[in-house]
Each structure stands twice: as structure tokens, then as C-alpha cells.
1. For the chain, state the average projected area of the convex hull of the C-alpha atoms over all orientations, rounded to one decimal in nm².
2. Can you compute 3J(HN,Hα) from phi for each residue in region 121-132, using the Karplus curve 6.51 cos²θ - 1.76 cosθ + 1.60 with θ = phi - 60°, rounded to whole Hz and x for Gly and Pro?
3. Please report the relative contact order for the chain, taking Cα pairs under 8 Å with a sequence separation of at least 6, and give it as a percent rounded to a whole number.
4. Mind checking the full-extension length gain between A97 and L170? Use 0.36 nm per residue of separation minus the Cα-Cα distance, one decimal, nm.
5. For a quick check of understanding: with a 1.4 angstrom probe and all protein chains in place, what accessible area in square angstrom does S164 have, to the nearest ten?
6. How large is the accessible surface per residue of the chain, computed with a 1.4 Å probe and reported in Å² as a whole number?
7. Could you list which residues have their amide H under 5 Å from that of L63, counting only those 5 or more apart in sequence or on another chain, with H placed in the peptide plane?
8. Say we join alpha carbon atoms closer than 10 Å with springs in a Gaussian network model of the chain; which of P95, P24, P58 then has the biggest fluctuation?
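The values are calculated or read from the model by the stated rules, or taken from the named source; none is laboratory data. Model, not experiment: these values are computed from the prediction. As a convention, Cβ positions derive from the backbone with ideal geometry for all residues, glycine included, and neighbour counts pool all protein chains shown. Each accessible area value is taken on the protein alone, full model and side chains, heavy atoms only, with ligands, DNA and RNA left out. Shrake-Rupley method; radii C 1.70, N 1.55, O 1.52, S 1.80 Å.
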Amino acid sequence: MRGLAVLFLAALLSAEDAGKIMRPADKAAMPSGQVDIVATAPAGKLELDGKAIVAEKPFPNVLHLSVQAAAGEHSLALIWEGGRKDIHFFVGPNPPAGYQRFRQHPPVAEVQCTQCHELSSRGRFRFKNDSCFDCHQKDSFVKVHTHEPTLLAECGLCHNAHGSTVKAHLLYPKETACRQCHN
Ligand code: HEC
Ligand code: HEC
Ligand code: HEC
Ligand code: HEC
């Protein structure tokens, strides 16, 4: 029985992990209706307010599109075999309680996905180490992070580089972020 429960839990967790909406963040308040969506899931499909929307696939299993959304509240769903993820976002001034201003990153027009991503020789979608330092200073990194960039090269461990509703686009509060290696 317990073996079965463990298997079931493992299947549940991997199904949970299989799909991610990188952008926008849940409860994002967008000033304009031009909303850029980034998501990933094996054979994933997107629905905006319950209607299918067709995304480009710049990399295998990676979905990207820009939609024009009317003012008001919207729901975005990512659906794949064995799982789904739902987020909500708001377009326009005066968002309802619980919504936070979304800041897209990089806040520069026309930055391509390939600025930070590539396919490995084995066809795996991955982050290009060092790609952030085309725009950010390496010199000030140690002061902010306590470590050389080589030790914290996986910026995605702590930051959502596609944007967020929080300071420094942190995925966790600073203490939790550092505790990924320090107990
Ligand atoms: C400024 C750098 C940057 C840009 C530009 C960027 N990304 Fe990312 N992306 C990251 C980082 C950092 C991660 C987290 C590292 C990782 O998961 O390997 C990530 C993770 C992802 C993931 C999740 C990968 C996984 O399996 O967990 C997807 C999907 C993704 N990016 C898609 C895109 C798409 C599509 C674009 C273009 C619209 C894009 N990214 C633009 C930095 C960037
Ligand atoms: C262990 C978690 C962690 C990792 C990994 C990490 N960061 Fe950070 N980063 C932070 C924290 C914490 C802050 C500070 C936020 C604050 O002080 O409010 C920060 C702040 C920043 C800032 C804004 C700070 C400033 O200069 O004003 C930038 C830019 C940044 N990180 C870039 C990066 C890049 C590039 C990488 C990968 C090479 C990276 N970070 C990896 C945790 C991390
Ligand atoms: C195309 C240029 C560009 C790239 C590439 C880029 N950034 Fe940025 N980033 C910016 C700009 C511009 C800002 C806003 C001005 C600033 O705070 O420096 C910014 C701001 C930030 C901030 C601070 C947000 C805040 O709350 O003040 C963090 C953290 C950050 N970037 C992390 C990263 C990480 C991590 C990567 C790589 C995964 C990366 N950036 C790649 C241009 C870039
Ligand atoms: C990827 C793993 C990793 C992350 C994440 C990480 N550290 Fe560390 N940290 C280390 C390692 C390994 C050492 C010991 C070697 C060294 O000093 O570089 C260390 C050492 C330190 C030390 C020196 C004192 C000691 O305990 O030995 C401080 C202070 C520190 N880290 C602070 C931070 C802070 C603050 C953060 C969050 C911004 C952070 N670390 C995130 C791996 C990590």
C-alpha cells in the first residue's frame, strides 16, 4: 500500500512539475492590454478565458505568444496530458485587491528568447550562462549576492528573468533564496 502511495505521489509531483507559466505571473496587473505569454509543458495547450489560443513554439515544448487582452480580469490556463495550471491577470488601471503591478523583464523592447536560451547539442532547451551580463554589471554582482557569479551562475534558481510582480524578480524572499544551499 505504501509503495503505491509513494508511486502515486511521485506521479502527482512530476505531473505538477511538467507544466510552467513563466509569464505573466499569477495576479499580475498589466497597465496595457498587450500581454506576452511564455509557458512550457509537454504537448501543452493554452486557453485564455476558456478559449483555445495558438502559440508559436520557438523551442520544443515551449510556448510563446503576444495577445491583445481587453480591460478587466482574465484567466489563463496551461493544459497538458495529466495536468493543468491556472493563473489570473488584470488589464487596466485600478486592479482589484490582490493584484500587483507586473514588470516585464528585460524592460527593453525586442529582446529575443535567444538572448538567454539555446538548444544544447542534444536538443535540450537551456539557459545560456553569462547571458545576463550583456546588460548587467559583473562588478557589482558580489556586493549584492555575497558570491562570485560563477557560484550563482544559475540565475533562475532565485530570479524569474521573464518578469514578476515582486522586487528584484525574486522567486522567494532573500532568506529562502540563500537557504537553497545554506541551512
Ligand atoms: C533575460 C534572460 C531571459 C530571456 C530574454 C528569456 N528567458 Fe526564459 N529563462 C531564463 C532563465 C534564467 C530561466 C531559468 C533557468 C532554467 O530554467 O534553465 C528561464 C526559463 C525558461 C523556461 C522554463 C524552462 C524549464 O524547463 O523550466 C521557459 C519555457 C522559457 N524560459 C522560455 C522563454 C521564452 C519563450 C523566451 C522568449 C520569449 C524567454 N524564455 C526569454 C531567462 C530568460
Ligand atoms: C541565491 C539566489 C540568487 C541567485 C542564484 C542569483 N541572484 Fe540575483 N539577487 C538575489 C537577491 C537576494 C538579490 C537582492 C534583492 C534585494 O537586495 O532586494 C538579487 C539582486 C539581483 C539584481 C538587482 C540588484 C542590483 O544590482 O540592484 C540583479 C541585476 C541580479 N540579482 C542579477 C543576477 C544574475 C545575473 C544572476 C545569475 C548570474 C543572479 N542574480 C543570481 C538572489 C540571487
Ligand atoms: C537586454 C538587457 C538585459 C538582460 C539580458 C538582462 N537584464 Fe535584467 N534588467 C535590464 C534592465 C534594463 C533592468 C532595469 C534597470 C535596472 O534595474 O538595472 C533590469 C533589471 C533587473 C533586475 C532588477 C529588478 C528590480 O526589481 O529592480 C534583476 C533582478 C534582473 N534584471 C535580473 C536579470 C537576470 C537574472 C538576467 C539574466 C537571466 C538579466 N537580468 C538579463 C536589462 C537586462
Ligand atoms: C549555489 C549554492 C549557494 C547559494 C545559493 C548561496 N551560497 Fe553562500 N556559500 C556557498 C558555498 C559553497 C560557500 C562556501 C565557499 C565560498 O565561500 O564560496 C558559501 C559561503 C557563504 C558565506 C561565507 C560564510 C560561510 O558561511 O562560509 C556567506 C556569508 C554566504 N555564503 C552568503 C550567502 C548569501 C547571502 C546567499 C544568498 C544571496 C548565498 N550565500 C547563497 C554556496 C551558496
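1. Numbers: hull surface 54.5 nm².
Orientation-averaged projected area of the Cα hull: 13.6 nm².
2. Working through the residues one at a time gives 4, 9, x, 8, 6, 8, 7, 8, 3, 6, 5, 6 Hz.
3. Over the chain, the number comes to 20 percent.
4. 24.1 nm
5. So the heavy atoms of S164 present about 10 Å² to solvent.
6. Details: 12360 Å² over 183 residues.
That works out to 68 Å² per residue.
7. Amide H neighbours of L63: A39, T40, A41.
8. P58
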